[in-house]
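First the structure, in the form of structure tokens, and then the observations on it.
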Amino acid sequence: AKIWTQGDNSSGIFAQSVGGGGGSGGFAGSLGIGLGGGGLGVSVGGSGGAASNAGTVAVTSYNNILTNGKDSFGILAQSVGGGGGNGGFAIALSGSKDLAGSVGVGGSGTSGGDANIVTVDSHGNIETDGDGSHAIFVQSVGGGGGNGGFAVSGSLGGTGSLSVALGGGGGAGGDAKSVTVTSTGNLRTEGGKADGILAQSVGGGGGNGGFTGALAIVGDGGAIGVGVGGTGGGGGDGDVVTATSIGNIVTIKANSNGILAQSVGGGGGVVTAGTDGIIEAVNGGSGNGGKVTINSNVAMVITGDNSVGVFGQSIGGGGGVGGHVGNFLGLEQASVMPTPQGFSGSAGGSGTGGGIEFTQTADLDVTGKNSFALMEQSAGGTSNGDIKVTIATGVKITGGSGAGAGVNFKDGNNNLLTNNGLVRSVLLIDGYAMRGGDGNDTFDNYFATVGSVGLGGGLNTFNNKATALYLMGDTVDLGLTGQLNNDGLAAPGGLDRVMTTEVNGSWSQAATGVYLLDLDLDPEADRIDVTGTADVNGFVNINIMEPGAASPGNENYIILHALGGVTDKGLKLNSIPSAVAQYSLKYPNPEDVVLNVDINFARAGLTENQTAVGSAINAIQTDLTSPNFTKIASAIFYIPTLDQLGAVYDTISGEGVSGFQQPEFDANSTFQAAMNRQSDAWRMGMATDPMIQSVAVPETAYAEPPGKANPFDDMVKAPDERRWNYWATAGGNSGVVSGDPVVGSAGLGYKSGNFAAGLDSQGDPDILMGFALGGVASSFAVPDRETSGNIVGGHAGAYGARKWGQFYINGSLAMDLYSNTTDRFTSVPGAPDPLNPVPAISREHWTGDFMSAGFGTTLEAGWRQPVGSGAITPFAGLQFSALSMQGFSEESADGGALGLDFEHRTIISLPVSLGLQLDTSVAVGETATLQAWGRAAWLHEFRPDRSVEPTFQAAPGYAFVVQGAAAAQDAVAVNAGVKLNWSSNTSVFATFDGKFADRVQTYGGNVGFRVNW
């Protein structure tokens, strides 16, 4: 079923028991207008009847209720002792040119009888949309009065104006009884001053004090507007108030609470004065407040200003809560004239405030200005009761901005907030999690608290338990004698926000405690300033906010300062391991704890190549002008060990690209060796040219009989006029060059195929000159740097030889041009462990395409000494080669962060050799000759380095040099070959070459032919 009312003062369900008769008081209206001396309008509403006790009121509703209108409650249930019920309604208006006075007095309930028990059990949804329209309004009011009279007065005056409105007061005496509200449906109010549940047990009269409006307007004189809520009479006690809500509660506008539960002894309740009215506690009666129990199993959304999610209040000695319109909680000044900021508490009569105890088991979302998710108060003229509030596990408590907070304890005695959920305000770190009053407040945080805390003037303690998190605002005010005990995790400013937190009181961190420190390498860090003493144990956990902004150097940060002195009881650092950053704690004076941070991307213990990379990064991070490098620096920052850091430097260095150099030097040497081998064959008489070849004369028909010498046997056949020789050769070679652990270079492997062809001429019996062309195709790999490449090149050269008897000099020169392609794979691991995890730079593929050019020359001198059928030739040689690479930029089809630009660079090779050659020849058949030779030499390289000069594409302008696998400084070079002269003008040959050293091994072979004409 559904109940729907329209119009003001039209409640869905109205259940009332009023002792002594009277019911609702009368209505009065008055108007006075004066143009001369003044005008006065007075209106007095009727009062309730004489005293007697009220009966019980019980409402059970399964209806959905909707009301449209002001002061139209979903359910209104009252038990009012002593008569009166709803006080009278009065209006007074007066106007005058010089003086206007207007008085409106609502009717009062008479004194006497007790109220009785009121019970409401609602199972339907209730929605109201008018101002002052509570969803459920339940009262037990002793001593008469009920709802105090409604009074409105207004006055207009040219010179002066006075306007007074008095709500009807409850009669004296009677006690209130218990009030119990249970709501399982959803409650929603859309008007101002409209609570979800308002439950009151008010002893001594008063009930809901009269609503008053006061207006005074003058042209040039003074104006006084006074609104006084109805007061309870003396005597009666409030009783137990129990409010249980299971459905959701939503209130939209200002001054609208989710649940307001009051037990007031001695009169009072809720008072709302006019727009600029004076709020004043009048005639506080004697009486005790009862216990207030709230079972809030409901999620609430409270959006209006000056509102509370769950407001529990137990007042002795008269009182309650009041404020002017738009300022229900009294946290803002009136807008026209200075007024008190409102009233909440005891009016000062004799009596005690009762205890307040409840558990919040559902979320509260209270977002308005000067609003609280939870506000609890126990106050009495004689003494205050204890407040105990528990927030259940997983529950989120969110309070408002301005002077609001998540939780507010007012007065009380020994108060305890136990938080197993989350307490915060809408401003988070910049707001207040909790505010306190003059009671002794203890805040036990077992899970999470966010924001500042201000606990007033009592003996206060904040206990951050071992399982808890406290994200501290800029203020933790516990009073001078207060204590913050951190057994859990405390973080000024929360995560990733540097803040200085001022702690008024003392600080103690246990062995389980953690100070979570945000460190911004800009540089600044979190700090805690304590007015008292500080005992420090446990840990300082360092959270690096922007590791990509880490700049090399040494910095000191004051992280805790205590005016009363610091006592170190075992404080330790806890940080994510980093080979780049080193941390330490220092105590330079009795008041300070200092964090020392040393950052260096090129620490001692790295290889030469790794140091080159680290030094470049130091330069980049010192300047911090390369934002694209931030991602790389962040990942590098958290590499835990020096060995791992070096390995990362190796993979990002581009060292492997230098692998093209040694194959190209070898290709140049192989080409020149092919040319010089023709000179060797010529000068050793091993060529096919008949001018340098001895041939036996064949026997004739006129030969002497056997046994008799032929006189022509020793004659030499006349040489042919053959001066030109053509030759060609093809072969391959491979090499392995080990890296250097000190330099930090990686091993290189390569293989090549080559060919060469040339033409030479003997213009003089002692001089040979020739030229040649050649080509090469090579590949190389540097596995430890995940780099490989391919080379295609060509050669052009000239060679020559000169003999002076047994002494000779031969030489060659060659020019080379190469096309190079490279493939490089690289990555940097991430760091999942920091509070702000750093993602890995996953495996990237970068390619290069560039040209290089080489030039080389050789010179060899020796002495050929015939021995038997062969010869021994000692020799010495010198070779100079230069290889120039084109600058280029790597490319990646998938993009990436780790690409490199390589600078133009020229590499030099300068080996010298000293060796010995043996050669011989034997006849094969009648016309062929087989010739063989072998040579070995000691080879010393003066310029063994092979290097490249890259820069990070993410940080242009910071070049560094890294060394690749170097040539052997000292090696043994061997060459051996055979040549078959199988006709007078044609020969074929095969050769083997090798070079051997500690870290170098190369092998090669060629075959070829030579033709002369």
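Any read-out appearing in this document is the output of simple, stated calculations on the displayed coordinates, not a laboratory observation. Computed from a predicted structure; not experimentally measured. No Cβ is skipped: glycine too gets one built from the backbone with ideal geometry, and neighbour counts run over all protein chains shown.
Between GLY404 and ASN370, SER371, the built amide H atoms are under 5 Å apart, and every one of these is 5 or more places off in sequence or on another chain.
Distances between placed amide hydrogens fall under 5 Å for SER61 paired with ASP121, SER122, HIS123, all partners being 5 or more residues away or on another chain. Binning all Cα-Cα separations of segment 435-600 at 5 Å, short to long from zero, yields these whole-percent fractions: 2, 9, 19, 23, 20, 13, 8, 3, 2, 1, 0.
Restriction of the GluC sites (Glu not before Pro) in segment 845-954 to DSSP coil positions whose beta-carbon has at most 12 other beta-carbons within 10 angstrom yields GLU926. The coefficient of translational diffusion for segment 563-635, derived via Stokes-Einstein from the alpha carbon Kirkwood radius under 37 °C and 0.692 mPa s, stands at 220 µm²/s. Residues in segment 603-612 carry Karplus couplings, in order, of 6, 4, x, 7, 6, 4, 4, 5, 5, 4 Hz; the curve used is 6.51 cos²θ - 1.76 cosθ + 1.60 with θ = phi - 60°, and Gly or Pro positions show x. For SER584, neighbours were defined as the other residues whose beta-carbon sits under 15 Å from its Cβ, and their charges (Lys and Arg +1, Asp and Glu -1) total -2. With viscosity 0.890 mPa s and temperature 25 °C, the Kirkwood radius over alpha carbon pairs of segment 935-998 converts through Stokes-Einstein to a diffusion coefficient of 155 µm²/s. Under 5 Å between amide hydrogens, built in the peptide plane, is the criterion, and for THR244 it picks out VAL181, THR182, SER183, ASN295 among residues at least 5 positions away or on other chains.
Of all DSSP beta bridges located in segment 435-600, what percent are antiparallel, nearest 5? If I count the DSSP bridges inside segment 435-600, around 25 percent turn out antiparallel.
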